[in-house]
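These notes are about the structure you will find just below.
The values are calculated or read from the model by the stated rules, or taken from the named source; none is laboratory data. In this text the structure is predicted, and so the values were computed from the model without any measurement. For neighbour counting, all protein chains shown are included, and Cβ atoms are generated from backbone atoms with ideal geometry for every residue, glycine included.
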Amino acid sequence: MRYLLMNKRTEVFEFETIGSTGFSVDRITDVFNSEYAPPELAIDDGVVDINSFSAWLSSRNIPASRQDLQKSMEVMQESVGNEVSVTQLAKQNYFLSLSDQYWICQSGSGLSWDTVNYFTNDFSPDVGRIMFDRTQVDTPSLMSPDISAAGYLSKKWIVENGDRYLIKASTPPYQQEAFNEEIASMICRRLNIDHTEYFAYTKNGESHCRCKCFIDENTELVPAKAILYKYYYNDQRVSKYELFKNTCKMMHIPDYKKSIDDMIVVDFIMGNEDRHYNNFGAVRDVNTLEYTGFAPLFDSGRSLRYNEDTNYIDTKADISCGKPFAKLHSEQIKLVTCPQRYELSKLRDLPEEAADMFYKSNYRYSDRIKVISELLGARIKMLDNALRTELYNGIDVPKTKR
């Protein structure tokens, strides 16, 4: 069977699959516009690497690590009435996403972007009801961008007044991630940092958060992993931080230094333990292929000791970040190039406001709220000390003319 990889209305290349089940790529039969391919694909002189394309296709499936995926798939099969796989669901949805404009259709199908995309066309809420709410639905419609949503946490997309919103769950025992997302939004508003606005709430005893989709029908999210891979991914001579900055410069991504600084600062305050190369990146215009800037900061939930026993949280301890650029936040903060930009006095009342948010949302772990508030206050003080040290060391401080 032959299929087309499309980028919005542009044919990228044609490929052939093998087998009657699954979606296994056999060969690329014809390349039309390789420059419109996903940036993470390995393409050398117009030749597409099948392994990288297969890996990219797999990334369009609901990940195997998804929270309670087996339970969700059981409800899905009960609703559909027969066995179904995540790959079948992705294929039925043309591998569409709300993070970009790539999609796949059978060659000669006559399908068009204008009739299938989820940016301008409504989609079914049934998949969200099944896989997020775990509610059985009779004869459901499975056309939904929920099928391609990445990440561990359970999530679903909804449409309100024409806008697309992502709803995310949290994890036991403390269900703290949703509230952490809103706290990160508070920080960004005070420090004038471009971000995705999150709102946390409690429903049926579970904490959720929602945010508006920051990608539209003319843009795509290019993850940092794809940016790193583009030119320098295997270069071991310099740090990942330098590699990433060099690549951003070569790809003409506007204001990349400021955006990287902003991310490092917010992650330090939050004690983010999960800033990996797939949850930050840049935004590209799919029509011109020009980068418009960094993506607004998003996905800060796994922070503030979200899963640590309340009695063992040490508010003064350093926190591991693992990625993207250092092992510890105390090391990564030294990479900030312009520390004088951040007016930390604007965060003075943040711990109290965060505590109020938890109380107003009926957060069930009231003994934990005070500890989280104290942790936030301690992280802000640590950041102030760290940035002052870097400022005194003269990082990006304009030299006085003599």
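A few notes on this one:
- Test: residue in the stretch 331-339 that is within 20 Å of GLN176 (Cβ to Cβ) and either basic (Lys, Arg) or in contact (Cβ under 8 Å) with a residue 60 or more places away in the chain (or both): no
- Test: residue in the stretch 57-66 that is over 17 Å from PHE23 (Cβ atoms), in the same structural domain as VAL137 (by TED's automatic domain parsing) and either at pLDDT 90 or above or surrounded by 18 or more Cβ atoms within 10 Å (Cβ to Cβ) (or both): yes
- Residues of the stretch 283-306 classified as exposed (fewer than 13 other Cβ atoms within 10 Å of the Cβ) and under 30 Å from SER366 (Cβ atoms), total: 0
- Subset of the stretch 272-314 [among the charged types (D, E, K, R) and not in a loop (DSSP other than H, G, I, E, B)]: ARG284, ASP285
- Selection status of ASP216, touching a residue at least 24 places away in the same chain (Cβ under 8 Å), under 20 Å from ILE260 (Cα atoms) and out of contact with any His (no Cβ under 8 Å at 6 or more places or on another chain): no
- Of all the listed residues (LYS168, LYS156), the sole one being touching a residue at least 40 places away in the same chain (Cβ under 8 Å) and in contact with a helix residue (DSSP H, G or I) (Cβ under 7 Å, 6 or more places away or on another chain) is LYS168.
- Taking the stretch 22-51 as the range and being over 16 Å from PHE95 (Cα atoms) and among the polar types (S, T, N, Q) as the test, the residues that pass are THR29, ASN33, SER34, ASN51.
- Hey, THR120 assigned to a helix (DSSP H, G or I) and hydroxyl-bearing (Ser, Thr, Tyr) or not: no
- Every condition in (1) under 21 Å from GLU177 (Cα atoms); (2) modelled with pLDDT of 95 or more is met by TYR365 except one, and the failing one is (2).
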